[in-house]
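Peer 1: Quick one: the structure is below, questions incoming.
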Amino acid sequence: MDLKEIIAHLLKENFPGVNVELIEYKNELTLRVEKQHIVKVCKFLKENADLQFTLCEDITAIDWAKRKNRFTVVYHIFSLKSKNRLAVKVDVDESDCSIDSVASVWKTANWHERETYDMYGIKFSNHPDLRRMYMPEEFEYYPLRKDFPVMGIPGSLPLPKK
Amino acid sequence: MGLEAKLTDDGFFTTKLDAIIEWSRKYSVWPMPMGISCCAIEMMAAGDPKYDIARFGSEVMRFTPRQCDLMIVAGTVTYKMSHVVRKIYDQMPDPKWVIAMGACTSSGGMYRSYNVVQGIDQFLPVDIYLAGCPPRPDNLLNALIQIQDKIGKTRAKDFQDIKLPELTVLQSN
Amino acid sequence: MERLTKDDVHPKILEALLDADTDITVDDALENEMILNMGPQHPATHGVLRLLLRLDGETVVACVPELGYLHRGYEKMAENMSYYEFIPHTDRLDYLSPMANNVAWVLAVEKLAGIEAPPRAQYIRMMVSELARIASHLVAIGALAMDVGALTVFLWTLREREKILDIWDILCGARFTNSYTRIGGVANDIQPEALAKVKWFINQYEENLDECERLLNTNRIFVERLDGVGVISAKDAIDYGLTGPSLRGSGVELDLRRATPYLFYNEMDFKVVTYPEGDSLSRYFVRADETRESIKIIRQVLDKMPQGDTLLNQPKKVLPKKTEIYSRMEELIHDFMIVNFGINPPAGDVYSAVENPKGELGFYFVSQGEGRPWKCKIRSPSFVNLQALPHLVKGQMVSDVVAIIGSIDPVMGEADK
């Protein structure tokens, strides 16, 4: 049984009411979950003895600009046991631009989520310390959104006096 | 042998004050290594045995601005960092010089983006713009020599307009 | 000394630094407790890292790292340039090992575009990324020694590093920012002089490393300043997402060259170096031993390297050689198309990660079938490794903080992106 079937089977068994979708593209497995289930699914993926996705490699988001669900939050997790990688994708709409934090599952999620908040403005609920990661705290825009110009907005970042 | 040979006769020689100050200042430039990114590594390489910045009397890299007279801004300056760079520049005693090392500091270089200052001359007076991304250590040494030339041309009267901050005299009891 | 004022520290950072029940402020230090600002201009923070430390006497109670002083907006720029145009930018991510970053980028793009470089190019890539690993670890070891007060080692390791930079000079014409790899291969075949220099380098390297190690391993001050300092357990290290020498220093045997082999690493015989203690000293040992393993890999690469092309012949995806562009019509057209419109990989998303000197460097692309990536995420090892810093320095002395930063070996270029 390959990883795709194992995960599909285990999730179906443990979360009967949750819609999950597994896609394989270029030998990479992607799991699509609904927003409200993200924390418990992640917790399960980490703690299940057969899966053990203990290493969270990366959390980021994609801005689709014009789609209905504007953002997709992507989690890349790695299993030290089976040396497999899994991408977990969650759609987030702009009208309710928030998602539950997984910092309680993996400690490393803390900074990744702060970075995603800084760059896309997606709020992570129950995050222990949600501040901007790179940009100054006073900065009011989210640079990686598609409506933000590459050269920035003139005057939004002050320079010292000459 | 040079200086000593002259001194054996009378034990003194005459020169202009400007000349002796510029001469001593020129060969003991103390750089403030404002190492920010990639250029900082090449600046470190200029100090290693192969390039050896000590040959030009500038091996004394001081990390406190109060002991330096040459600031080498090495690396991309972002808007967040610009305030720090300016603050450190303000803490350096006069007279002071600035080398903008590399393309990023000179003009923003390859970083046409929202967070990079497009040239540090927007908030700092720059003496030498150094080309390269990053410049080779030899090129940094060349810039140092040019700074030395520039120091050699300064005269005491150039500094007469500069206002010194007022000294507060501490009264005893 | 200038005192830290409220303008220097943002209230939100203070909030993260202090507990609810502490009442110390920035302005007045109490008897023992105080707030110390370290960086962003500090000789031991390896760049522009800023730390705010809450001290009780000399003991660190809490630490809040503040990043973003070198945030150059790479991910935004990548969305606005073609896959080829971004190769020079990868040099400046982890600027201590530009070659390894070049290799990581082209491997990710090749995965997205579904092409593979010829074997000789892959062997050359393997050789240059191992040399880059040695160069990066040498700086890490030297800088760590310098942070705890041994300046000589720094000059010695930098001398060794200069030899590698000389090889780059012959190989691609640049000693520092190389941009040597191309999508579908490498810029040019390796010259006989460069090959001879590599052979000379690997033959004399181990002796010189022994010399450096003799200065350190028998140096009581060096050992005692690192032994048992900044300990992180294997479980915590995984939880914090550490990778590279920082993770292997805690006894976790994870090396992407072995776990998810790329290039021809599955054919190579090398040991994944681990040390179980998890302190700063073991992280240093991992680095020093890893360079020896890299030498072993380079020896095997030199033995096994096949003859053949170094650039894939696939005109729609791979830039033709410059000499051909000037003399042949077809190549000129392809060059024009690739430079202006890009290589247009199929729509989809891939995540590709390699084992860089600092840890796992990953690129995540989302392509919409255009010449530019719709999204490019850089998973930089230094960023993630730095996150464990508050955990590592907690309860240590303030003078140990520099040693711990040195043992993690962050590069702010990629941590801030």
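Peer 1: Run the 1.4 Å probe and let me know the accessible area of C:His10, rounded to the nearest 10 Å².
Peer 2: 50
Peer 1: To the nearest 10 degrees, how steep is helix A:3-14 against the longest Cα principal axis of chain A, on a 0 to 90 scale?
Peer 2: On a 0 to 90 degree scale, this one is about 90.
Peer 1: Which whole-Hz ³J(HN,Hα) couplings does segment C:216-224 yield from phi under the Karplus relation 6.51 cos²θ - 1.76 cosθ + 1.60, θ = phi - 60°, glycine and proline marked x?
Peer 2: Along segment C:216-224, the couplings run 9, 5, 9, 8, 5, 5, 4, 5, 6 Hz.
Peer 1: Another question, then. In square nanometres, what is one fourth of the surface area of the convex hull spanned by the alpha carbons of chain C?
Peer 2: Values: hull surface 86.3 nm².
Averaging across all directions leaves 21.6 nm² for the Cα convex hull.
Peer 1: Considering every Cα-Cα pair within segment A:3-125, what fraction, in whole percent, is farther apart than 22 Å?
Peer 2: That fraction is 30 percent.
Peer 1: I would also like to ask the following. Rank-order C:175-188, C:303-316 by packing density, defined as the average count of other C-beta atoms within 10 Å over each peptide's residues, highest first. Intermediate results must be reported in sequence, preceding the final value.
Peer 2: Working: C:175-188: 22.9, C:303-316: 13.6.
For the peptides C:175-188, C:303-316, the packing ranking is C:175-188, C:303-316.
Peer 1: Grab the DSSP H runs of the protein assembly as shown that are 4 residues or longer, score each as -39,500 (n - 2.57), total them, divide by all residues and round the 222 nm result to the nearest 500 deg cm²/dmol.
Peer 2: Working: 27 runs with 298 residues, N = 752.
Computed ellipticity for the protein assembly as shown at 222 nm equals -12000 deg cm²/dmol.
Peer 1: Can you give me the accessible area per residue for segment B:14-145, using a 1.4 Å probe, in Å²?
Peer 2: Values: 4790 Å² over 132 residues.
Result: 36 Å² per residue.
Peer 1: Determine the shielding of peptide C:71-83 by partner chains: average, over its residues, the number of Cβ atoms on other chains within 10 angstrom of each Cβ. Please report the intermediate quantities before stating the final value.
Peer 2: Numbers: counts 15, 13, 15, 2, 6, 13, 7, 0, 4, 4, 2, 0, 0.
Across the residues of C:71-83, the mean count of other-chain Cβ atoms within 10 Å is 6.
Peer 1: So, one more: Looking only at other chains, what is the average number of their beta-carbon atoms within 10 angstrom of each beta-carbon in C:371-379?
Peer 2: Working: counts 0, 0, 0, 5, 9, 1, 11, 2, 6.
For peptide C:371-379, the averaged partner shielding equals 4.
Peer 1: Separate question: Would you work out the charge dipole size for segment A:3-125 about its Cα centre, treating the Cβ of every Lys and Arg as +1 and the Cβ of every Asp and Glu as -1, and quote it to the nearest 20 debye? Provide the component values of the computation, followed by the final result.
Peer 2: Values: 19 positive and 19 negative charges, 26 e Å.
So the dipole magnitude of segment A:3-125 works out to roughly 120 debye.
Peer 1: Within 10 Å of each Cβ of A:138-144, how many other protein chain Cβ atoms are there on average?
Peer 2: Values: counts 1, 5, 0, 1, 0, 7, 6.
Across the residues of A:138-144, the mean count of other-chain Cβ atoms within 10 Å is 3.
Peer 1: Only residues of segment C:229-248 count here: report those whose backbone N is under 20 Å from the spot 7 Å along Cα→Cβ of B:Phe63, or say none.
Peer 2: It comes to C:229-230, nothing else.
Peer 1: I need the semi-axes of the equivalent ellipsoid of chain B: take the C-alpha gyration tensor, multiply each eigenvalue by 5, square-root it, list largest first in whole angstrom. Write out the running numbers ahead of the final one.
Peer 2: Details: eigenvalues 204, 106, 40 Å².
Largest first, chain B gives 32, 23, 14 Å.
Peer 1: Show which aspartates and glutamates lie in cross-link reach of B:Lys150 when reach means a straight Cα distance below 17 angstrom and same-chain residues fewer than eight apart are skipped.
Peer 2: Those aspartates and glutamates meeting the cut-off are B:Asp18, B:Glu22, B:Asp69, B:Asp94, B:Asp127, B:Asp158.
Peer 1: Please state the equivalent ellipsoid semi-axes for the protein assembly as shown: what are the square roots of 5 times the Cα gyration tensor eigenvalues, largest first, in whole Å? Don't skip to the end; give the middle numbers.
Peer 2: On the way: eigenvalues 367, 210, 145 Å².
Largest first, the protein assembly as shown gives 43, 32, 27 Å.
Peer 1: Something else now. Can you give the accessible area of C:Leu96, probe radius 1.4 Å, in Å² rounded to 10?
Peer 2: Its heavy atoms expose roughly 10 Å² to the probe.
Peer 1: Suppose accessible area is computed on protein heavy atoms with a 1.4 Å probe; arrange C:Trp168, B:Trp30 from highest to lowest.
Peer 2: Reading off the accessible areas and sorting them downward yields B:Trp30, C:Trp168.
Peer 1: So how exposed is C:His334, as accessible area in Å² (1.4 Å probe, rounded to 10)?
Peer 2: 30
Peer 1: Here's a follow-up. For chain A, with a Gaussian network of springs between Cα atoms less than 10 Å apart, report the residue from A:Lys46, A:Lys12, A:Lys89 with the top mean-square fluctuation.
Peer 2: For chain A, modelled as a Gaussian network with Cα springs under 10 Å, the answer is A:Lys12.
Peer 1: Let me ask something else. At a threshold of 8 angstrom on Cα-Cα distance, excluding pairs fewer than six apart, so keeping six or more, what relative contact order does chain B reach in percent? Could the numbers behind the result be given before it?
Peer 2: Numbers: 260 pairs, mean separation 37.9, N = 173.
It rounds to 22 percent for chain B.
Peer 1: Moving on to the next point. By how many degrees, 0 to 90 and rounded to 10, does the Cα axis of helix C:329-341 deviate from the longest principal axis of chain C?
Peer 2: With both axes taken from Cα atoms, the answer is about 30 degrees.
Peer 1: Moving to a separate point now. Of the accessible area of segment A:24-131, with the probe set at 1.4 angstrom, what percent is carbon plus sulfur? Walk me through the numbers on the way to the answer.
Peer 2: Numbers: 1710 of 3920 Å².
Result for segment A:24-131: 44 percent of the exposed heavy-atom area is carbon or sulfur.
Peer 1: Write down the radius of gyration of segment A:56-107 and its Dmax, each obtained from C-alpha positions, in Å.
Peer 2: 12.8, 39
Peer 1: Of C:Ser250, A:Ser82, which has the most accessible area and how do the rest follow, probe 1.4 Å? Walk me through the intermediate numbers first.
Peer 2: Working: C:Ser250 10, A:Ser82 50 Å².
Listed by decreasing accessible area, they come as A:Ser82, C:Ser250.
Peer 1: What's the total accessible area buried between chains C and A, using a 1.4 Å probe, rounded to the nearest 100 Å²? Numbers along the way, then the final one.
Peer 2: On the way: alone 17990 and 10040 Å², together 23830 Å².
It comes to approximately 4200 Å² buried between C and A.
Peer 1: Here is a further query. Mind pulling the angle between the C-alpha long axis of helix A:109-120 and the longest principal axis of chain A? Nearest 10 degrees, somewhere in 0 to 90.
Peer 2: 50
Peer 1: To continue, here is another question. By accessible area of protein heavy atoms, probe 1.4 Å, what ranking do C:Tyr205, B:Tyr129 get, highest first? It would help to have the intermediate numbers written out before the result.
Peer 2: Numbers: C:Tyr205 0, B:Tyr129 110 Å².
Ranked list, largest accessible area first: B:Tyr129, C:Tyr205.
Peer 1: Considering only C:Thr260, C:Thr291, C:Thr218, give the residue with the highest GNM mean-square fluctuation for chain C, with springs between Cα atoms whenever their separation is below 10 Å.
Peer 2: Comparing C:Thr260, C:Thr291, C:Thr218 in the GNM, the peak value goes to C:Thr218.
Peer 1: Additional query: Could you state the number of Å between the C-alpha centres of segment A:114-154 and segment B:75-94?
Peer 2: Each part's Cα centre sits 25 Å from the other's.
The values are calculated or read from the model by the stated rules, or taken from the named source; none is laboratory data. Only a predicted model underlies this, so the values are computations on that prediction, with no experimental measurement involved. Glycine also receives a Cβ, built like all others from the backbone with ideal geometry; neighbour counts cover every protein chain displayed. Each accessible area value is taken on the protein alone, full model and side chains, heavy atoms only, with ligands, DNA and RNA left out. Shrake-Rupley method; radii C 1.70, N 1.55, O 1.52, S 1.80 Å.
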